[in-house]
Each structure stands twice: as structure tokens, then as C-alpha cells.
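**Student:** Just dropping this structure here.
We did not get these values from a lab; they are worked out from the coordinates using the rules stated. Note that the structure is predicted; figures quoted are calculated from it, not measured. Counting neighbours? That spans all protein chains shown, and the Cβs are built from the backbone with ideal geometry, glycine included.
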């Protein structure tokens with residue numbers, strides 16, 4: 001079973017849902033994981049430092065956030081797919097991971113979970 005919800009460097013309102021996925025050992029699929037890259041100066045700066053693309057930096061940031069996150073970015077070519085795959089080997093520092101998330105929407109104070117989802121978690 002997996003959970004999919006909007007989550008990216010500019011919109012982290014699903015933070016508590018990712019924490020729940022970690023607790024319940026569920027996969028979290030971030031929807032729109034590479035949105036709003038052009039507006040995040042930190043992503044641009046980190047990309048330059050690592051000689052990487054902003055997309056690679058954001059994918060590496062998602063992978064650093066939680067082992068439950070499985071980003072599935074779209075691709076239109078083999079070269080683009082290779083760039084996305086290379087993001088898995090990009091190692092960001094803890095400070096870079098934290099800095100990328102700054103300026104994002106704050107996490108919600110509580111997670112809204114549907115009754116169906118709650119029943120299936122309970123078994």
C-alpha cells in the first residue's frame with residue numbers, strides 16, 4: 001500500500017503524513033515533487049555547489065527526507081531519465097537538506113486522514 005499527496009520543497013504540508021508512513025511502513029509518493037524549482041534560490045545555490053541540476057537536488061532532498069519517500073518524476077527522454085537516476089547518488093549535507101526546506105509552507109499541525117485510510121491502517 002502507498003500514499004500519494006502533494007509534497008515538494010515549496011509545499012511541505014504533508015510532513016505529518018510522511019511521518020505516519022514511516023511509522024506504518026508505507027510508501028509515500030510525493031505528487032508534484034519538482035514543482036516551483038525556479039523560485040527556490042536555495043535549490044539553485046545547492047545545485048551550483050554540487051554541479052547538479054535543480055531537479056537532481058530536489059530529488060536528492062526528497063530521498064534524504066525519509067526512506068519511505070519514493071519520488072517518481074516524469075521524463076521525456078533517456079538523458080532526462082539518467083539525470084533523474086543520478087540524483088540518487090547526490091549526497092546533500094544536513095544543512096543543505098534543512099535549508100532547502102526553509103521558506104516552504106509550514107507543516108500542518110495535524111494530519112487529516114480519511115476514514116477508509118484509518119480503517120485500513122487499523123487492520
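**Student:** When you count, for each residue, the other Cβ atoms within 10 Å and take the mean per peptide, how do 29-41, 49-61 rank with the highest first? Can you show the working numbers first?
**Tutor:** Numbers: 29-41: 16.5, 49-61: 20.6.
So the peptides 29-41, 49-61, ranked by packing, come out 49-61, 29-41.
**Student:** Using R₀ = 35 Å, calculate the FRET efficiency as 1/(1 + (r/R₀)^6) where r is the Cβ-Cβ separation of residue 50 and residue 11; round to 0.05. It would help to have the intermediate numbers written out before the result.
**Tutor:** On the way: r = 23 Å, r/R0 = 0.66.
E(calc), rounded to 0.05, equals 0.90.
**Student:** Please give the Cα centre distance for segment 3-43 versus segment 51-83, rounded to the nearest Å.
**Tutor:** Here the answer is 13 Å between Cα centres.
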